[in-house]
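**Student:** Dropping a structure here in structure tokens format, bear with me for questions.
The values are calculated or read from the model by the stated rules, or taken from the named source; none is laboratory data. Source: prediction; values computed, not measured. FYI the Cβ positions are ideal-geometry reconstructions off the backbone, even for glycines, and counts take in every protein chain you see.
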Amino acid sequence: MLEAEGLVCERGDRILFANVGFRLNAGELLHVKGVNGSGKTSLLRMLCGLVAPAAGEIRWRGENIRKQKEEYNRELLYIGHQAGIKAELTALENLKLSCALNDAGIDDDQAWRALGDIGLGGREELPSKVLSQGQQRRVALARMLVSRAPLWILDEPFTALDVKAVAQLEQVLGAHLQQGGYIVLTTHQNFTLSQGRLRMLHLGPSPESGP
Amino acid sequence: MMGVLRWLLWRDLTLAMRRKAEVLTALFFFVIVVSLFPLGVGPEMDTLSEIGPGVLWVAALLASMLSLNRLFADDYADGTLEQLLLSSQPLPMVVLSKVLAHWLVSGFPLVLISPVLGMQLGLDWESLVILVVTLLLGTPVLSLIGAVGAGLTLGVRGGGVLLSLLVLPLYIPVLIFGAGAVEAARSGLGADAHVSLLGAFLVLALLLAPWGGAAALRISLD
Amino acid sequence: MQLFSKAFWLQFSSPKAFYPFAGKLIPWFTALAAVFAVVGLYLSFFVAPTDYQQGESYRIMFIHVPAAWMSMFIYLVMCIYAGLGLVLNTRLSNMMAAALAPTGAMFTFLALWTGALWGKPTWGTYWVWDARLTSELILLFLYFGYIALQAAIDDPQRAARASGLLAIVGVINIPIIYFSVQWWNTLHQGASVTVTQAPTMAATMFAAMIVMTLAFWMYTIAVALVRVRQLILERERHAAWVLELAEAEK
Amino acid sequence: MNWGSFADFLAMGGYAFYVWGSYGVTALFLLIEVVLLMKRRRTLMQRLLRLARINREGGYESKT
């Protein structure tokens with residue numbers, strides 16, 4: 001279970017959000033919503049442990065994530081705004097590397113299969129810089145296909161993807177939830193979930209009361 | 001645990017090889033700066049061998065700083081640094097392996113070429129041996145201290161110049177003992193004390209700098 | 001005893017509570033600084049006798065040595081505040097560290113400047129690569145680095161933490177730097193003269209130096225408090241109490 | 001008393017330039033620091049007053 005309580009985020013000298021809390025159970029997806037600049041990315045980075053909350057705490061399986069550090073990182077898959085793809089490495093190398101860095105090394109077979117599944121068949125050994133933006137994004141998302149981490153934190157996973165890829169991603173998310181995974185994501189796009197429960201979290205001023 | 005760090009080292013070295021230009025920049029810079037001195041000071045071998053140790057060390061200092069601001073900057077720009085912070089390894093170890101890669105690419109080549117340059121500056125055989133030994137001990141210290149500075153100036157405007165302002169004063173002890181050792185060898189005094197102090201600096205830097213670098217990265221990515 | 005209770009002191013660790021408290025302290029420290037300065041200057045110029053070797057030029061020592069002491073002392077205090085700020089994550093200690101830096105850099109510069117003016121009549125040259133002067137110069141670079149890093153980062157929280165870490169890295173290095181410079185200096189004995197070797201110091205000279213140091217110290221506290229109050233207002237400008245205060249003080 | 005006359009005092013035994021150069025520059029720097037601080041406080045107060053006015057009029061800062 002992922003829990004957050006009384007989170008406060010300060011950026012510069014202003015408070016982005018205060019008193020944010022939620023509880024996420026296995027098989028649930030938390031959709032974080034909010035206008036630009038409401039602190040969605042900051043919240044996600046906070047949940048990863050990259051940003052320290054000004055107040056409040058985040059608990060994973062009942063214990064503060066600050067105390068777990070590497071153990072928590074091992075159970076976490078984070079795909080941020082930037083894809084974390086090295087332009088000089090091939091898609092295959094990128095995928096294997098990012099898995100290995102999280103102690104979840106995969107062999108060539110798995111990597112080839114994952115890249116084929118996500119629609120990069122035939123481009124596995126091209127340097128990533130010749131891939132289009134959507135394709136680069138897919139290299140990053142291919143990690144989800146081979147990931148064994150229960151908690152996924154995804155910042156705008158649907159950006160730059162075409163309709164087919166979006167449908168595929170929705171399916172992957174659903175499958176993860178069905179296996180008892182946890183997902184936190186932000187997106188401005190509409191998406192449908194075949195499995196699992198959807199929760200919402202609004203950041204910043206609520207839409208009714210105006211900006 | 002070694003698996004992850006080996007992957008990281010492999011990655012940094014592969015990237016460096018595929019971007020060849022960068023590896024050679026530090027090396028060429030070192031060679032060019034040292035070669036400029038005879039042109040500026042005059043070709044008298046006596047003078048040159050007198051200033052030789054200092055010139056070589058200052059040039060090595062500047063050359064190893066040249067690529068320092070790229071140590072974390074590329075990873076920061078494309079988002080891989082976040083992934084490294086979230087890796088299952090303790091961050092100081094990650095920093096250490098990145099520093100090792102940086103040293104192999106920008107420090108070690110200087111050590112290899114230094115005897116040639118030393119000869120050009122009229123250093124005798126014994127001084128050349130000491131030069132190589134001190135550079136071998138000293139340049140890793142430079143990379144280690146530099147990692148803290150590179151972490152702190154990450155994503156800061158004018159980061160490159162700022163980095164040198166932060167880091168160069170901290171390089172002074174290494175410069176003093178590195179150049180001092182070669183100087184001592186040249187004038188026939190033993191360089192043992194210098195060399196063992198440089199060794200002590202290396203141990204100290206190995207113990208402290210990875211933690212400093214890790215703290216700096218956490219601050220910069222917060 | 002109120003003074004010994006923890007709660008009494010803790011209440012001042014919040015910027016809001018510290019602001020008026022600091023305001024009350026400033027006049028006292030200013031007055032103390034003025035008194036010490038008058039006494040110190042009197043001692044330096046009218047009580048301390050003329051030195052039989054250096055003549056009157058040695059009177060520079062009465063500001064040179066205190067300035068040099070202050071430059072090191074302020075760096076140390078700055079690091080303690082920065083360390084507290086990093087460990088306890090208290091805004092106020094970060095602000096104190098930031099408030100001390102410019103004054104520390106100024107005293108470092110003054111130590112160098114007065115050292116040069118003292119060196120000229122004494123050794124015939126404005127600058128010698130003496131161990132202490134060189135260390136002082138490096139200290140000035142460390143201050144510059146600290147101030148530049150703080151100025152370069154926009155987010156005040158991040159700026160405070162980054163420069164705090166830098167200050168701590170610096171303070172670990174200072175003994176090593178100082179030791180290296182000493183070593184380097186003894187090796188190149190020919191070029192050097194020991195600068196701050198005071199002539200056998202009479203009690204009055206020592207007293208003058210101490211009183212001048214106290215004057216600088218009180219001045220530093222007063223100035224740092226003024227600056228920290230400004231930093232509090234700047235960083236908390238979105239808080240209601242700051243704006244009320246600004247209107248009240250108008 | 002060290003000085004026979006005020007002129008003696010100013011002459012500093014022939015070291016006037018060095019002694020007064022040191023003390024003068026020190027005094028100047030302390031003075032400059034104080035003046036700069038006072039100036040900074042004035043601009044800061046003006047800025048805060050502007051902010052307060054905007055707030056009272058329900059401006060853009062009021063929501064934060």
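**Student:** Would you check which residues across region A:84-110 are aliphatic (A, V, I, L, M), under 16 Å from the mean Cα position of the chain (by Cα) and either more than 7 Å from chain B (Cβ to nearest Cβ) or farther than 22 Å from residue B:221 by Cα (or both) and list them?
**Tutor:** Listed by number, the list holds a single entry, A:95.
**Student:** Please pick out the residue among B:206, B:197, B:163 that is within 10 Å of chain C (Cβ to nearest Cβ), in a helix (DSSP H, G or I) and out of contact with any Ser or Thr (no Cβ under 7 Å at 6 or more places or on another chain). Outline the logic, then answer.
**Tutor:** Details: B:206 fails: within 10 Å of chain C (Cβ to nearest Cβ); B:163 fails: out of contact with any Ser or Thr (no Cβ under 7 Å at 6 or more places or on another chain).
B:197 is the lone residue from the list that is within 10 Å of chain C (Cβ to nearest Cβ), in a helix (DSSP H, G or I) and out of contact with any Ser or Thr (no Cβ under 7 Å at 6 or more places or on another chain).
**Student:** Within region B:57-99, how many residues turn out to be among the small types (Gly, Ala, Ser), part of a helix (DSSP H, G or I) and out of contact with any helix residue (DSSP H, G or I) (no Cβ under 7 Å at 6 or more places or on another chain)?
**Tutor:** Final tally of qualifying residues: 2.
**Student:** Can you find, within region B:183-194, the residue that is nearest to residue B:54 (Cα to Cα) among those that are of a type in the set (A, V, I, L, M) and within 10 Å of chain C (Cβ to nearest Cβ)?
**Tutor:** B:184
**Student:** Going through region D:1-20 one residue at a time, which ones are more than 7 Å from chain C (Cβ to nearest Cβ) and out of contact with any Asp or Glu (no Cβ under 9 Å at 6 or more places or on another chain)?
**Tutor:** Within region D:1-20, D:3, D:4, D:5, D:6, D:7, D:8, D:9, D:10, D:17, D:20 meet the criteria.
**Student:** Can you report the number of residues in region A:18-31 which are surrounded by fewer than 20 Cβ atoms within 10 Å (Cβ to Cβ) and either within 13 Å of chain C (Cβ to nearest Cβ) or within 20 Å of residue A:59 (Cβ to Cβ) (or both)?
**Tutor:** 8
**Student:** Here is a list of conditions, (1) touching a Phe, Trp or Tyr at 6+ places or on another chain (Cβ under 8 Å); (2) in contact (Cβ under 8 Å) with a residue 24 or more places away in the chain; (3) facing chain C (nearest Cβ under 8 Å), and residue B:176 meets all of them except one; can you say which number that is?
**Tutor:** (2)
**Student:** For region D:21-45, which positions are of a type outside the set (A, V, I, L, M) and facing chain C (nearest Cβ under 9 Å)?
**Tutor:** The first filter runs over region D:21-45 and keeps only residues of a type outside the set (A, V, I, L, M), leaving D:21-24, D:26, D:29, D:33, D:39-43.
D:21, D:22, D:23, D:26, D:29, D:33, D:40, D:41, listed by residue number.
**Student:** For region B:19-48, how many residues are at pLDDT 85 or above and within 14 Å of chain A (Cβ to nearest Cβ)?
**Tutor:** Within region B:19-48, residues that are at pLDDT 85 or above and within 14 Å of chain A (Cβ to nearest Cβ) number 0.
**Student:** Out of all the residues in region A:62-71, which are closer than 13 Å to residue B:86 by Cβ and either facing chain B (nearest Cβ under 9 Å) or of a type in the set (S, T, N, Q) (or both)?
**Tutor:** A:68, A:69, A:70, A:71
**Student:** State all residues of region C:48-77 that are at the interface with chain D (Cβ under 10 Å from one of its Cβ atoms) and farther than 18 Å from residue D:15 by Cα; if no residue qualifies, say none.
**Tutor:** Hits for region C:48-77 are C:66, C:67.
**Student:** Scan region A:75-83 and tell me whether some residue there is more than 14 Å from chain B (Cβ to nearest Cβ), of a type in the set (Phe, Trp, Tyr), within 19 Å of residue A:150 (Cβ to Cβ) and touching a residue at least 60 places away in the same chain (Cβ under 8 Å).
**Tutor:** Checking region A:75-83: not a single residue is more than 14 Å from chain B (Cβ to nearest Cβ), of a type in the set (Phe, Trp, Tyr), within 19 Å of residue A:150 (Cβ to Cβ) and touching a residue at least 60 places away in the same chain (Cβ under 8 Å).
**Student:** Within region A:161-172, can you find the residues that are outside any helix (DSSP H, G or I) and exposed (fewer than 15 other Cβ atoms within 10 Å of the Cβ)?
**Tutor:** Within region A:161-172, A:162 is the sole residue that qualifies.
**Student:** Right, another one. Which one of the conditions (1) more than 13 Å from chain A (Cβ to nearest Cβ); (2) over 18 Å from residue B:212 (Cα atoms); (3) buried (at least 22 other Cβ atoms within 10 Å of the Cβ) does residue B:68 fail to meet, given that it meets all the rest?
**Tutor:** Status for residue B:68: all satisfied but (2).
**Student:** Which pairs have Cβ atoms under 8 Å, sit 6 or more apart or on different chains, and link a residue in region C:11-39 that is on the phi > 0 side of the Ramachandran plot to one that is of a type in the set (Phe, Trp, Tyr) and assigned to a helix (DSSP H, G or I)?
**Tutor:** Once the first residue is on the phi > 0 side of the Ramachandran plot and sits in region C:11-39, no partner that is of a type in the set (Phe, Trp, Tyr) and assigned to a helix (DSSP H, G or I) comes close enough.
**Student:** Which ones in region C:76-116 are closer than 18 Å to residue C:15 by Cα and aromatic (Phe, Trp, Tyr)?
**Tutor:** C:81
**Student:** Search region A:7-22 for residues that are at negative phi and pair each with any residue that is assigned to a strand (DSSP E or B) and of a type in the set (S, T, N, Q) when their beta-carbon atoms are under 8 Å apart and the residues are at least 6 apart or on different chains.
**Tutor:** Sorted first by the residue in region A:7-22, then by its partner, the pairs are A:7/A:19; A:8/A:19.
**Student:** Looking at residue A:59, is it more than 24 Å from residue A:166 (Cβ to Cβ), within 20 Å of the chain's Cα centre (by Cα) and away from chain B (no Cβ under 14 Å)?
**Tutor:** Considered against the rule, which asks whether it is more than 24 Å from residue A:166 (Cβ to Cβ), within 20 Å of the chain's Cα centre (by Cα) and away from chain B (no Cβ under 14 Å), residue A:59 comes out as yes.
**Student:** Could I ask something else about it? Please determine, by comparing only the residues of region A:114-144 that are acidic (Asp, Glu) and over 19 Å from residue A:167 (Cβ atoms), which one is surrounded by the most Cβ atoms within 10 Å (Cβ to Cβ).
**Tutor:** The selected residue is A:124.
**Student:** Report the residue count in region D:7-64 for those that are among the small types (Gly, Ala, Ser) and modelled with pLDDT of 90 or more.
**Tutor:** 2
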